[in-house]
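Notes for the one structure printed next.
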Amino acid sequence: MDRETAQNRVKELHNLINQYNYEYHVLDNPSVPDAEYDRLMRELTEIESEFPDLVTPESPTQRVGGEALSAFEKVEHRTPMLSLANAFGEASLRDFDRRIRQAIGDDFTYVCELKIDGLAVSLQYEDGLFVLGSTRGDGTVGENITANLKTIRSIPIRLKEDLTFEVRGEAYMPRKSFERLNKEREKKGEMLFANPRNAAAGSLRQLDPRIAASRHLDIFLYGIGNYGSLGVDTHSGALEYLAKLGLKVNKEWRKCQTIDDVIEYIDTWTEKRPDLDYDIDGIVIKVDSIEQQDRLGFTAKSPRWAIAYKFPAEEVVTRLTDIELSVGRTGVITPTAILEPVQVAGTTVQRASLHNEDLIREKDIMLGDWVIVKKAGDIIPEVVNVLTERRTGEETVFHMPTHCPACDSDLVRLEGEVALRCINPKCPAQRREGLIHFVSRNAMNIDGLGEKVIGQLFEHELIRDPADIYFLKKEQLLELERMGEKSVNNLLAAIEKSKSNSLEKLLFGLGIRHVGERAAKVLAEHYETMDNLIAASRDDLVTIPEVGEKMSDSIATYFESEEVEELISELKSAGVNMTYKGPRISEAAESGSIFSNKTVVLTGKLEKLTRNEAKEKIEALGGQVTGSVSKKTDLVIAGEDAGSKLTKAQELNIEIWDEEKLLEELNR
Ligand code: IVH
């Protein structure tokens with residue numbers, strides 16, 4: 001090949017490769033298979049190695065530059081890179097809207113955009129060529145990270161017009177890249193990144209661009225440094241213009257006429273957020289007209305024409321001040337982290353279960369540590385990890401006790417279990433928890449007998465076992481805190497009503513080990529009366545489908561106890577029903593399920609089912625799936641990252657299930 005042919009071919013190859021690159025990384029719509037792209041890249045590399053003087057900085061082969069840097073150069077921004085004021089909640093958005101109206105009147109339009117959770121960067125183009133990329137730094141001076149930014153395939157090295165200007169946007173790590181990266185790091189025993197934003201920041205801070213290249217970062221551009229003579233007079237026009245130049249613009253932006261439209265946009269994205277393949281931490285709202293933006297101007301730190309609505313934080317840092325121990329119904333000792341109160345996803349969190357000692361050791365949790373807390377599935381608070389770098393030396397190691405904190409008997413660790421247990425059947429803490437379970441909704445369902453009232457009754461020694469509930473006197477109840485005539489009457493009525501529950505509710509309420517709700521129903525249906533069940537032998541019990549050896553053993557052992565015999569006879573004498581009344585399970589499946597006639601709302605991201613699959617299954621079982629939470633909603637299924645619908649359900653006291661519980665019920 002002579003030099004001239006090579007030069008021409010190089011030009012052709014640049015154009016083709018840039019075009020395919022643009023289709024793949026910006027438009028997400030490739031027109032040729034990957035192999036064709038790779039073939040052209042190989043051809044270009046070969047020509048360049050034969051004619052090294054044809055290698056130019058804009059060649060697609062130069063995305064991953066050669067040498068590692070020893071430090072990043074400082075870059076002074078021509079126009080300062082400001083940040084936005086934040087708004088939390090609707091009220092502050094309405095304040096923002098009021099301020100705008102006061103300043104420029106009512107005739108304006110907003111543009112709403114997703115607030116990408118990454119790093120602000122600036123890209124400078126000269127005559128259409130990408131020449132300098134920098135971080136925001138302190139807003140005035142940033143760092144030159146051109147080599148790292150060049151590795152982002154959606155950043156065009158050459159624009160579709162020979163333009164000199166500065167464009168700004170957010171570099172980020174897509175969730176898929178993040179997951180892959182952390183998996184690889186885990187394999188190699190390296191520290192994991194806490195979230196995609198930290199991973200993106202860590203990648204762009206690497207002096208060796210080959211590392212950044214391996215991290216598969218991406219970018220969305222959302223603004224122009226200086227409009228100068230670009231002929232753009234609205235922000236929406238700017239976004240369209242950027243896209244036309246071949247830059248990657250997030251396509252979810254919308255024009256909104258009123259603040260109500262803005263709030264609707266926010267609600268939509270609070271809901272759809274988990275489905276995105278990148279993280280967003282809020283919504284950015286901007287006044288569209290550049291002339292109106294200029295009139296509104298800036299405060300010292302941020303423009304008056306824009307605001308960032310922030311989603312409630314889902315992971316926050318707080319201090320673990322203590323570890324409290326509780327004794328569960330089955331004697332399991334559970335350590336709970338006591339936290340300095342913090343807001344997580346809209347509610348105050350001050351406790352988080354630590355489950356067991358192994359977990360405390362695994363996470364290396366010490367008393368006094370700073371920890372990251374999140375809500376798992378957005379419902380249950382969880383300690384994610386410890387900020388060991390914040391330790392001062394004042395922290396102390398936590399040891400599980402050797403004796404039960406409630407009854408002081410020796411704790412044991414049963415074979416194959418991680419949990420420590422108190423095995424004293426008379427342990428008051430276990431009894432109290434057992435009573436709370438007995439009256440709970442899925443057991444005897446005694447309204448008005450919550451944890452607090454049970455606690456008081458227990459402390460006043462008015463109840464010791466479930467049968468005592470049925471012998472409570474009105475005068476005794478009236479002496480309790482916050483119990484007036486009316487609530488006492490209601491409570492007595494609820495206790496009375498529970499006497500006629502079908503057998504399975506009582507069986508479940510007794511809290512026999514390994515007998516869950518489903519097993520209780522199977523047993524009640526099979527034996528029909530308590531006496532039949534008590535008379536059943538281990539051998540008889542195991543023949544029932546769904547009843548294994550462990551459960552048979554546990555049931556037989558339970559009824560062998562004298563104390564239990566006494567309890568059952570007291571319950572009988574109180575008039576508690578001991579027979580099965582419910583429809584047969586097989587009939588129940590036909591005539592109705594737990595979902596029949598229920599209004600169900602799905603929110604957040606489900607892992608094992610798609611939304612549609614979940615909807616179809618619930619509807620097949622007689623439920624109705626609707627889009628929004630109201631007083632009429634019976635049940636909310638909350639997946640990962642559920643947002644405002646979940647909060648609303650919590651406010652309205654609506655039953656909430658996670659995906660696991662949904663699957664369990666669907667598979668019954
Ligand atoms: S506009 C004058 N739009 O959020 C500042 N920012 O403080 C103009 N961000 O640091 C910023 N997505 O890095 C804008 N669509 C978006 C954004 C966005 C993410 C970041 C940006 C900035 C911070 C706001």
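Brief remarks on what is shown
- Computed helical MRE - 222 nm, the chain, DSSP H runs ≥ 4 contributing -39500 (n - 2.57), nearest 500: -11000 deg cm²/dmol
- Protein accessible area in the chain, 1.4 Å probe - carbon and sulfur %: 48
- Length-normalised contact order of the chain in % [C-alpha pairs under 8 Å, at least 6 apart]: 9
- Label point distance in nm, residue 579-residue 76, each placed 7 Å from Cα along Cα→Cβ: 9.4
- Added length on full extension, which subtracts the Cα-Cα distance from 0.36 nm per residue, residue 535 to residue 493: 11.9 nm
- Candidates 100, 13, 31 compared by Cα position along the dipole of the stretch 1-102: farthest toward the positive end lies 100, with charges placed on Cβ.
- Extension gain for the segment residue 561 to residue 132, taken as residue separation times 0.36 nm less the Cα-Cα distance, is 146.4 nm to one decimal.
- Cα-centred dipole magnitude for the stretch 78-139, charges only on beta-carbon of K, R (+1) and D, E (-1), debye, nearest 20: 200
- As a calculated quantity, the FRET efficiency between residue 214 and residue 3 at R0 = 51 Å, using C-beta atoms, amounts to about 0.90.
- Checking Cβ-Cβ separations below 4.7 Å across the chain identifies 112, 256 as cysteines lacking any candidate disulfide partner.
- For the stretch 273-400, with +1 on Lys and Arg beta carbons and -1 on Asp and Glu, the positive-most of 303, 335, 283 along the dipole: 303
- Accessible surface computed residue by residue for the stretch 505-560, with neighbouring protein chains in place and a 1.4 Å probe, gives 47 Å² per residue.
- Pairwise label distance in nanometres, residue 244 with residue 140, each label 7 Å out on the Cα-Cβ vector: 3.7
- Among the listed pairs 187/605; 499/581; 550/572; 499/617; 183/310, a Cα-Cα separation exceeding 24 Å is found for 187/605; 550/572; 499/617; 183/310.
- Stretchable slack from residue 103 to residue 440, in nm (0.36 nm times residue separation minus alpha-carbon distance): 115.6 nm
- Computed from backbone phi with θ = phi - 60° and the Karplus coefficients 6.51, -1.76 and 1.60, the 3J(HN,Hα) list for the stretch 370-375 is 8, 10, 9, 10, 9, 9 Hz; x is used for glycine and proline.
- Within a straight-line Cα-Cα reach of under 16 Å, residue 505 can be paired with the following aspartates and glutamates, leaving aside sequence neighbours fewer than 8 residues apart in one chain: 447, 496, 517, 525, 528, 531.
- Nearest-0.05 FRET efficiency for residue 161 and residue 385, computed from C-beta distance (R0 45 Å): 0.40
- Annotation: per residue accessible area for the stretch 33-115 equals 59 Å², rounded to a whole number [probe 1.4 Å, protein chains only].
- Site pair residue 597 and residue 62 shows an inter-label distance of 7.4 nm when each label is modelled 7 Å from Cα along Cα→Cβ.
- At R0 = 45 Å, FRET efficiency that the Cβ-Cβ distance of residue 350 and residue 29 yields, to 0.05: 0.40
- Cα-centre dipole for the chain with unit charges at Cβ (Lys and Arg positive, Asp and Glu negative), debye to 20: 1100
- Amide N of the stretch 342-370 lying under 12 Å from the label point, which is placed 7 angstrom from the Cα of residue 396 along Cα→Cβ: 367-368
The values are calculated or read from the model by the stated rules, or taken from the named source; none is laboratory data. All values reported here derive from a predicted model rather than from experimental measurement. Note: ideal-geometry Cβ built from the backbone for every residue, glycine included; neighbour counts use all protein chains shown. The protein model used for the area step is the full one, side chains on, heavy atoms only, and it has no ligands, DNA or RNA in it. Shrake-Rupley method; radii C 1.70, N 1.55, O 1.52, S 1.80 Å.
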